[in-house]
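Engineer: This is the structure I want to talk about, given as structure tokens.
All of the numbers you see were taken from the coordinates with simple rules; none came from a lab. Every value quoted in this text rests on a predicted model; they were computed, and no experiment measured them. Neighbour counts run over all protein chains shown; Cβ positions are idealised from the backbone, glycine included.
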Amino acid sequence: MFKRLFGKFSKDMGLDLGTTNTLVYVSGKGILMNEPSVIAINTKTDQILAIGEEAVKMLGKTPPHITATRPLAHGIISDFEAVEKMLGYFIDKVHKEGSSIFAHPRIITSTPIEITGVEKKAIEDAALQAGARKVYLIEEPLAAAIGARLPIQEATGSMIVNIGGGLTEVAVISLGGIVTGRSLTIAGEELNKNLIHYVQSEMGILLGEGTAEQLKLRIGSAYPTKETYEAKVRGRDITTGLPREAVITDGQVREALQRPLKALVESLKDVLEMTPPELVAEIYQKGIVLCGGTALLRGIDKYLSAELRIPANVVDDPQTAVIRGIGIVLENFEQLKGMLTSSIDDEIDIR
């Protein structure tokens, strides 16, 4: 009885829990939220001060009694209570038109491939504590492949590379399952760190992570471009400690990003080496599909194509591929629920 009651008051949701951003899909409505995975809390009162965009503005600027953090690291919960509060905020926001007191939705959320049972349980527990009545998990590259409309149910190889902020998920999929796959920490944050290190060592300026991210998006590239770009960088002079400005070119940014990009190529080669030769032959013909926010880095498809000698293509709107896939599963639940896992057999009754 309670399941049916809460189902009437609830809107089933899909979550793409990312290190950088969390996207929310609501059944029958589509993607309703795309918020930074950041939460600001007053540690004296345990009060949530901000979540998402407003919390991002507080990073690196808070007094001791306020913490603004990213509670997910490499797609895994690093701060359970903060994630619970963040998920509760999303559930309440989705159900704000009605009464959030009775809102206990079914939730489908993505997880990395290489995640332990304990880490999976932490995600489920956080969602249940936040108000979900049932939590299902789907492997992130599988969701991305569904969102990219790849023929994953067929007896043919599809290779997808989801390059996010804190994690890159690589998988070869056939017959509705992952044949080979890896979770890599070579992702957007790693590119930012290398850019910060380069500017510090070559130009003597210390940049913040937000500045490095903006610089990477504005003029960064993985492969040489016909056009040339330059931008002003502002940061702290490491010698004087005073603010300083300098000009950096796209070539310098590209040089700064080479080490993690080469490491990414080597990891993709490792996955291909573990893949059955029949599937590799099909991937060679069909190419690699790229998605995730870092797939927006200019020329990354050309770079991977040149290094791997396999075609690489970025999907339309790569940032939403995972959540679109989760949405497809949510809207076609009975047909596709075989791709989901859950450590809890029955939906819970919350009395």
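Engineer: With charges set only on the Cβ (+1 for Lys and Arg, -1 for Asp and Glu), what does the dipole of the chain come to about its Cα centre, in debye to the nearest 20?
Structural biologist: With only Lys, Arg, Asp and Glu charged at Cβ, the dipole is about 680 debye.
Engineer: Once phi is turned into ³J(HN,Hα) by the Karplus curve 6.51 cos²θ - 1.76 cosθ + 1.60 with θ = phi - 60°, what whole-Hz value does each residue of segment 30-35 show in order, with x for glycine and proline?
Structural biologist: For segment 30-35, the Karplus-derived couplings read x, 7, 9, 9, 9, 10 Hz, x marking Gly and Pro.
Engineer: Taking Cα pairs under 8 Å and at least six residues apart, what relative contact order does segment 27-117 come out at, in percent?
Structural biologist: In percent, rounded to a whole number, it is 20.
Engineer: Using Cβ counts within 10 Å as a stand-in for footprinting exposure, how do 324, 218 rank, fewest first?
Structural biologist: Ascending Cβ contact count within 10 Å gives the list 218, 324.
Engineer: Add -39500 (n - 2.57) for each DSSP H run of 4 or more in the chain, then divide by its residues: what number comes out at 222 nm, to the nearest 500 deg cm²/dmol?
Structural biologist: Counting only the DSSP helices, I get -11500 deg cm²/dmol.
Engineer: Highest first, please rank the peptides 116-126, 136-146, 75-85, 182-192 by the mean number of other Cβ atoms sitting within 10 Å of their residues.
Structural biologist: Highest to lowest by the protection proxy: 136-146, 182-192, 75-85, 116-126.
Engineer: Another question, if that's okay. When we measure straight from the Cα of residue 11, which lysines land under 20 angstrom away, once same-chain ones fewer than 8 places off are left out?
Structural biologist: Of all the lysines, those that pass the test against residue 11 - Cα under 20 Å, at least 8 places apart if same chain - are 3, 29, 85, 93, 96, 134, 337.
Engineer: Which ³J(HN,Hα) values in Hz, rounded to whole numbers, follow from the phi angles of segment 193-203 under the Karplus curve 6.51 cos²θ - 1.76 cosθ + 1.60, where θ = phi - 60° and Gly and Pro get x?
Structural biologist: 4, 5, 5, 4, 5, 5, 5, 5, 6, 8, 10
Engineer: Moving to a separate point now. Amide H neighbours of residue 176 under 5 Å, counting only residues 5+ apart in sequence or on other chains, H built in-plane at 1.01 Å?
Structural biologist: 153, 154
Engineer: Under a point spin-label approximation (7 Å from Cα along Cα-to-Cβ), what is the residue 48-residue 218 distance to one decimal in nm?
Structural biologist: That separation, rounded to one decimal, is 3.3 nm.
Engineer: What FRET efficiency comes out for the pair residue 114/residue 278, r = Cβ-Cβ distance, R0 = 22 Å, nearest 0.05?
Structural biologist: 0.35
Engineer: Follow-up question, since we're still on this one. Straight-line reach from residue 302: which lysines have Cα under 28 Å away, leaving out those fewer than 8 places along the same chain?
Structural biologist: Candidates past the 8-residue exclusion: 193, 216, 226, 232, 262, 269, 286.
Engineer: Report ³J(HN,Hα) in whole Hz for each residue of segment 319-329, in order, from the Karplus equation J = 6.51 cos²θ - 1.76 cosθ + 1.60 where θ = phi - 60°; Gly and Pro get x.
Structural biologist: 5, 10, 4, 5, 5, 5, x, 4, x, 4, 5
Engineer: Here's another thing I want to ask about it. Amide H neighbours of residue 186 under 5 Å, counting only residues 5+ apart in sequence or on other chains, H built in-plane at 1.01 Å?
Structural biologist: Counting only residues 5 or more places away or on other chains, the set is 168.
Engineer: How do 35, 266, 331 line up, fewest other C-beta atoms within 10 Å first?
Structural biologist: 266, 331, 35
Engineer: Only Cα pairs within less than 10 Å get springs; with that Gaussian network setup on the chain, which residue of 23, 15, 207 has the largest fluctuation?
Structural biologist: 207
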